[in-house]
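**Student:** If you scroll down you'll find the structure; I have some questions about it.
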Amino acid sequence: MTSNLSAAARDALARQDAHYLPLALPASPGWDQIAAHLRHTARLFQDTQAPSPSAAACAHINALFDRSVAAMPHAPLACKRGCAHCCRQPVLLYAPEAFFLAAQVRERPQMAARVTEVAKILLKKNPVALKATKDAVRRVSEMTYENAEDYLVRAQEAANSFDDDGRKEGIKQFIDDKTFKPGIGTYDITKKT
């Protein structure tokens with residue numbers, strides 16, 4: 001980072017950075033602005049006294065993003081619940097972001113309990129059926145009835161080819177064993193036909 005610089009040079013950089021850090025990035029930021037945030041982020045990652053250096057760095061980057069978007073005078077972000085773009089594509093989660101999210105959950109015991117509760121519920125569900133359902137809910141909302149019906153038939157066929165045993169076991173537990181009701185509960189995925 002700046003370890004090869006003299007103390008005076010480091011102080012000068014810190015003063016310069018202090019000017020840029022609270023500001024939003026303009027649409028075409030200068031190198032000094034970008035460098036200030038990179039140096040600050042690197043310092044946050046290297047802070048061994050912080051409870052979570054990754055969380056601190058991600059919080060800084062998130063706050064910078066929020067300030068910068070809010071400062072843009074033109075088109076607002078198109079991101080909203082139910083749109084068919086970003087939320088439909090795989091998004092990578094890097095280690096610092098995962099640590100940031102984990103720190104946020106740890107700081108909120110009620111959230112941690114709810115995340116654990118939901119995770120335990122999801123672990124009891126058939127992963128193929130869960131993914132097919134999630135994809136269907138996301139995609140069919142913007143389709144015509146006919147297109148949605150066609151999509152759901154193809155999704156069911158694909159799910160059957162990936163996990164036909166799961167389908168058979170679910171039907172067995174519903175029809176034969178009468179141990180679960182579709183739409184109300186989940187079949188026991190630990191049992192195999």
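Since every read-out is calculated from the coordinates, none of them should be taken as a lab result. Bear in mind the structure is a predicted one, so any value in this text is a computation, not a measurement. As a convention, Cβ positions derive from the backbone with ideal geometry for all residues, glycine included, and neighbour counts pool all protein chains shown.
**Student:** In whole angstrom, how far apart do the alpha carbon centroids of segment 105-119 and segment 132-189 sit?
**Tutor:** Centre-to-centre (Cα) distance: 28 Å.
**Student:** What is the Cα radius of gyration of the chain over 2.2 N^0.38 Å, N being its residue count?
**Tutor:** 1.52
**Student:** Compute the long axis of helix 145-162 from its Cα atoms, compare it with the longest principal axis of the Cα atoms of the chain, and write down the angle in degrees, 0 to 90, nearest 10.
**Tutor:** Here the helix axis deviates by roughly 80 degrees.
**Student:** A follow-up question, please. Taking a cut-off of 28 Å between Cα atoms, list the lysines near residue 124, but don't count ones fewer than 8 places away on the same chain.
**Tutor:** Straight-distance partners of residue 124: 134, 168, 172, 178, 181, 191, 192.
**Student:** To the nearest 0.05, what FRET efficiency results for residue 119 and residue 12 with a Förster distance of 35 Å applied to their C-beta separation?
**Tutor:** 0.10
**Student:** To check my understanding: the extent here is largest minus smallest coordinate of the Cα atoms along each principal axis. What are those three numbers for segment 100-193, in Å, largest first?
**Tutor:** Answer, in whole Å and largest first: 44, 37, 22 Å.
**Student:** Something else now. So how do 94, 151, 20 line up by other beta-carbon neighbours within 10 Å, fewest first?
**Tutor:** 94, 151, 20
**Student:** On a C-alpha basis, how far is the centre of segment 48-62 from the centre of segment 14-32 in Å? Whole number, if you could?
**Tutor:** For segment 48-62 versus segment 14-32, the Cα centre distance is 19 Å.
**Student:** Taking a cut-off of 13 Å between Cα atoms, list the aspartates and glutamates near residue 131, but don't count ones fewer than 8 places away on the same chain.
**Tutor:** 163
**Student:** Further question: State the answer as a single residue: which of 72, 95, 8 lies farthest towards the positive end of the charge dipole of the chain, with beta carbon charges of +1 for Lys and Arg and -1 for Asp and Glu, about the Cα centre.
**Tutor:** 95
**Student:** So what does the Cα-only Debye profile of segment 1-43 read at q = 0.14, 0.25, 0.30, 0.35 Å⁻¹, as log10 I(q)/I(0), no solvent term?
**Tutor:** -0.31, -0.88, -1.13, -1.31
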